[in-house]
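All remarks here apply to the structure that follows.
Derivation of every value follows stated rules applied to the coordinates shown; laboratory data play no part. These numbers come from a predicted model, not from an experiment. Because the Cβ atoms are built from the backbone with ideal geometry, glycine has one as well, and the counts that use them run over all protein chains shown.
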Amino acid sequence: MTEIERRLEKIYSQTTETERLEIERAAEFIRDGKLVAFPTETVYGLGANALDADAVRKTYEAKGRPSDNPLILHVASVKMAEKVVELNGMARTLMEKFWPGPLTLVLPAKEIVPSATRGGLETAAVRMPDNRIALELIRAADLPVSAPSANKSGRPSPTDAQTVRGDLGSAVAQVLDGGETKIGVESTVIDVTGSSPVLLRAGGLPKEKIEEALGLEVLLPQDKNIIKRSPGTRYRHYAPKLPLLPAKAENAEKTAQGRKYAWMGTSEISGSPVKKLIFKSEEEYAHEVFRALRKLEKSGVEIIIAEIPSEKGIGLAIKDRLNRAAGN
Ligand code: TXA
Ligand code: MG
């Protein structure tokens, strides 16, 4: 038994019979080409049979997502990943270290993956989520499950089942409810097709941990060539219905320019925001950031001022999401 299989065994041992029945019904929907929303450790996903182009098209339609923005194939075993992508040494090292977990690997796609799933690219993205319901669903469906975040395109990603129902309720056959997601921001996406790993999206797994595991520097996508390879980064994401400005605590009041504002971050401020969300750590900031954006939209403030986090650990992912919410 491999280390990954041992981790999975431990996770599966906690599933109850009632849960299994509900998940089996959902897996049946997936096999039938329908959409099922499910929890992962990062955010909720909008699942479909990744190998069925028609099912995948329904995903794009439900989300209102541009069809050239490829989907992640969620797998429940290394064998399942091998069916859809060409693995290499770097990928295997990272899988053994971090799967199941918030790490997505971009690798050369095998022919079995429909072009619709890959957004027309030669590569495909794979990940093994660290969530019991997600893993049981993929295992029961016995096929890779494609899943973008289960929000309408351009909205903050959902971190609970109720938000999924609000955004996509009418488009899905079933929503599996696993409560609030553990991490709150999406997975880290790494391109491992070349000799150096390239960070396509900062996420739940800190870049530093990947560098430590590989003994290699993870490159940042500075050149246009790389941006082209990560289509998702071209689109505005996580747009709240209110303007958002990232700022340092000491500049919050000045940034608001007299408008009714909400402050969120890990630091206290001395100004007078109408709403204030102070998080105990950057982990908690990540856990709450998307929910906070949706909540503050309805709070009567005119603008959200969000503290710029560090670029270390999970901070980099929060910073990226805030910049995109700000339209930068
Ligand atoms: O945590 C997550 O990753 C969540 C949960 C549901 O697993 N999923 C998620 O999916 O965030 P989505 O579709 O919202 O974001 C997928 C990202 C996009 O930025 C997309 O462009 C990128 O992964 N991506 C997918 N396939 C790719 C490929 N072949 N090459 C480059 N980037 C790819
Ligand atoms: Mg998304």
| query | Helix 315-325 versus the longest principal axis of the chain: what is the Cα-based angle in degrees, 0 to 90, to the nearest 10? | reply | 70
| said: Nearest 500 deg cm²/dmol is fine: what mean residue ellipticity at 222 nm does the chain get from its DSSP H runs of n ≥ 4 alone, each adding -39,500 (n - 2.57), divided by its residue count? | reply: -10500 deg cm²/dmol
| query | Mind checking which aspartates and glutamates have their C-alpha under 12 Å from Lys209, skipping anything on the same chain fewer than 8 residues away? | reply | Glu217
| message | Using a Cα-Cα cut-off of under 30 Å, which lysines could be cross-linked to Lys260, ignoring same-chain neighbours fewer than 8 residues away? | response | Lys152, Lys241, Lys248, Lys275, Lys276, Lys280, Lys295, Lys298, Lys319
| For Ser267, net neighbour charge (Lys/Arg +1, Asp/Glu -1) across residues whose Cβ lies under 14 Å away | -3
| said: Taking the beta-carbon count within 10 Å as an exposure proxy, list Arg20, Arg294 from fewest neighbours to most. | reply: Arg20, Arg294
| task | Report, to the nearest 10°, how far helix 282-297 tilts away from the longest principal axis of the Cα atoms in the chain, using its own Cα long axis and a range of 0 to 90°. | result | 70
| note | When Ile314, Ile269 are ranked with the fewest other C-beta atoms within 10 Å first, the list becomes Ile269, Ile314
| So how far apart, in nm, are the two label points at Asp54 and Glu19 if each is 7 Å from Cα heading toward Cβ? | 3.3
| query | Using the 10 angstrom Cβ neighbour count as an exposure proxy, how do Lys280, Lys312, Lys295 rank, fewest first? | reply | Lys280, Lys312, Lys295
